[in-house]
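Have a look at the structure below before the remarks.
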Amino acid sequence: MGLSEQAKGFINNVVAGAVWDGIKQLWAPVVLAAMVAVWEKIKHGSLDWVAIVGMFYLPHSCLLELS
C-alpha cells in the first residue's frame, strides 16, 4: 500500500526544509567570516587572522556541543 500524493508532498517538504536548515547552520559562519574578511581587507588593507579563525572555530564548536 503506497502513500498518498499529499503525504509524499508533505514528507518531501519536511526533508527539503531539514536539509536547508542544515545548510544554513553549517555555512552561515563561513559566509559571515568571508564577508568580514572582505570588509576588513577593503577598510584596513590587512586582515586580523585571529578574529577570522575565531569566527570559524566558535560557531562550529557550539554546533558540535549541541549535537
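Is it the case that LYS8 is exposed (fewer than 10 other Cβ atoms within 10 Å of the Cβ) and at pLDDT 75 or above? The answer is no for LYS8.
Might you let me know whether the stretch 57-67 holds any residue that is of a type in the set (A, V, I, L, M), surrounded by 11 or more Cβ atoms within 10 Å (Cβ to Cβ), modelled with pLDDT under 80 and on the phi < 0 side of the Ramachandran plot? Yes: the stretch 57-67 contains one or more residues that are of a type in the set (A, V, I, L, M), surrounded by 11 or more Cβ atoms within 10 Å (Cβ to Cβ), modelled with pLDDT under 80 and on the phi < 0 side of the Ramachandran plot. Number of residues in the stretch 1-41 that are more than 30 Å from VAL53 (Cα to Cα) and either assigned to a helix (DSSP H, G or I) or touching a residue at least 24 places away in the same chain (Cβ under 8 Å) (or both) equals 12.
The values are calculated or read from the model by the stated rules, or taken from the named source; none is laboratory data. It should be emphasised that the depicted structure is a prediction, and the values quoted were computed from it without experimental measurement. Backbone-built Cβ (ideal geometry, glycine too); neighbour counts: all protein chains shown.
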